[in-house]
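Asks: Sending over a structure as structure tokens; questions will come in a sec.
The values are calculated or read from the model by the stated rules, or taken from the named source; none is laboratory data. Quantities reported herein were computed from a predicted structural model and do not represent experimental measurements. Don't worry about glycine lacking a Cβ; one is built from the backbone with ideal geometry, like all the others, and counts go over all protein chains shown.
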């Protein structure tokens, strides 16, 4: 039985609503943690203890988000859709060229995603196929993403705090 255009419109509206809600909630959660909780912990507890607490919080947050994502089996970030396009058949010379580039650039994608996003997004994007299960490879990616993303973000936050203390705080006093 074919869907009529009204049914397809409702399906797309629901899909768009899920994407907007998922992207908004995820972004709010990430921004709140990265720009409020992470700096607070480092300022309040110092570089070493604050960073270690921030890493623990990052692990809990990313694991909880990953478990929720897998439990709902909903592509509320559009990552599974992107993977479908990424893994689809490459037709034409340009698409084949980019396909070869993507196939050989897992390490580049890992570092880019770990630094730009978080271990949750990195893991979901780098999973093989469109599945909502974790393999041993996926767990390695997750834990490596925890290390890379938190080393990077810890340095960024610490550098920003120190720059504020050295150059901006004296101007305010």
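Asks: How many residues are at pLDDT below 70 and in a helix (DSSP H, G or I) if we restrict to the range 97-122?
Replies: Counting residues in the range 97-122 that are at pLDDT below 70 and in a helix (DSSP H, G or I) gives 6.
Asks: Does residue 152 satisfy the criteria of being modelled with pLDDT of 95 or more and either in a helix (DSSP H, G or I) or out of contact with any helix residue (DSSP H, G or I) (no Cβ under 7 Å at 6 or more places or on another chain) (or both)?
Replies: Answer is yes for this residue.
Asks: Here's a follow-up. Starting from residues that are in a loop (DSSP other than H, G, I, E, B) and touching a helix residue (DSSP H, G or I) at 6+ places or on another chain (Cβ under 6 Å), keep the ones in the range 123-137 and report whichever is surrounded by the fewest Cβ atoms within 10 Å (Cβ to Cβ). So that I can check it myself, show each step before the final result.
Replies: Taking the range 123-137 first, the residues in a loop (DSSP other than H, G, I, E, B) are 127-135.
After this cut, where a residue has to be touching a helix residue (DSSP H, G or I) at 6+ places or on another chain (Cβ under 6 Å) as well, the list is 127, 130, 132.
Working: 127: 21, 130: 12, 132: 15.
Looking at residues that are in a loop (DSSP other than H, G, I, E, B) and touching a helix residue (DSSP H, G or I) at 6+ places or on another chain (Cβ under 6 Å), I get 130.
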